Amino acid sequence: KVLEKCQFVKSVYKLEEADMPLLPEIVLAGRSNAGKSSLINALTGRNSLAKVSRKQGKTQAVNYFQVNDMEVKFYLTDLPGYGYSAAGRDKQAEFSSLTDNYLESERPFACILVLLDIRHLPTNMDMAMLQWLDFKGLPYAILLNKADKLSRAEQQKALQAIRRVLPDYAQQQALFIVSSLQKETLEPLLSYIRKIVAD
Ligand code: GDP
């Protein structure tokens, strides 16, 4: 069952603008086009709560959605997509300072969900994100997204290939194979989210 009572709160371009009451946060991180917006829509059952971008690298804001699911309040927080820069390839090596500052900000992060495309091995930016989350001791989980693009057998192959390149510490984390187009794939993730925000 999808998350209840979700609404868009605001887009934040500077950390100081994130002045809403603190609540547990489920944060979505991933490359531009990894499917963060689509996942927010799918998790909330709202087709256009988050804007699905046709162009890569559009959202350079942190977008907040407040959820009040079975009387538990939390935020779904959408970070700027990384790995794409209008300035060109050589400028892609760093996360935006907004992303950096945000994850440094000691909010009550319940979990950072790192979205990877199940069809591709993690990029250097994905690896850098995982390494950084681990270094900071932040709680995170890995989502292999767009699973609808592969058959069951291909999904298992892709999972093994991705596991082979993930560092040891990332292997210890929760991992979900999901698709925003296949609602049933979201059930384990929904249970996980409900469990960690209630803790
Ligand atoms: P964001 O940049 O991470 O917010 O990604 P979007 O949600 O805007 O999605 C980027 C593109 O991938 C869009 O064309 C979506 O329709 C597509 N997409 C997102 N999630 C899925 C999925 O689970 N399956 C498939 N097949 N396409 C997806």
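When segment 15-35 is examined, which residues are found to be more than 14 Å from VAL67 (Cβ to Cβ) and either without any contact (Cβ under 8 Å) to a residue 24 or more places away in the chain or over 18 Å from the mean Cα position of the chain (by Cα) (or both)?
Those that are more than 14 Å from VAL67 (Cβ to Cβ) and either without any contact (Cβ under 8 Å) to a residue 24 or more places away in the chain or over 18 Å from the mean Cα position of the chain (by Cα) (or both): LEU15, GLU16, GLU17, ALA18, ASP19, LEU22.
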**Report entry** Any strands (runs of 3 or more DSSP E) falling wholly within segment 96-199 and containing at least 3 residues that are within 21 Å of PRO24 (Cβ to Cβ) and within 15 Å of the ligand (Cβ to nearest atom)
**Finding:** 109-117
Query raised in the report: Does segment 74-89 include one or more residues that are modelled with pLDDT of 85 or more, more than 15 Å from the ligand (Cβ to nearest atom), in contact with a helix residue (DSSP H, G or I) (Cβ under 9 Å, 6 or more places away or on another chain) and not acidic (Asp, Glu)?
Result: yes
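Conditions tested, residue by residue: (1) surrounded by fewer than 16 Cβ atoms within 10 Å (Cβ to Cβ); (2) within 25 Å of ALA18 (Cβ to Cβ); (3) in contact with a Pro (Cβ under 7 Å, 6 or more places away or on another chain).
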position: VAL114; (1), (2), (3): no, yes, no
position: MET129; (1), (2), (3): no, yes, no
position: LYS149; (1), (2), (3): yes, no, no
position: ARG152; (1), (2), (3): yes, no, no
position: ALA161; (1), (2), (3): yes, no, no
position: ALA170; (1), (2), (3): no, no, no
position: ILE177; (1), (2), (3): no, no, no
position: LEU186; (1), (2), (3): no, no, no
position: TYR192; (1), (2), (3): no, yes, no
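The values are calculated or read from the model by the stated rules, or taken from the named source; none is laboratory data. Please read these numbers as outputs of a predicted model, since none were measured by experiment. When we count neighbours, we look across all protein chains shown, and the Cβ atoms used for this are built from the backbone with ideal geometry, even at glycine.
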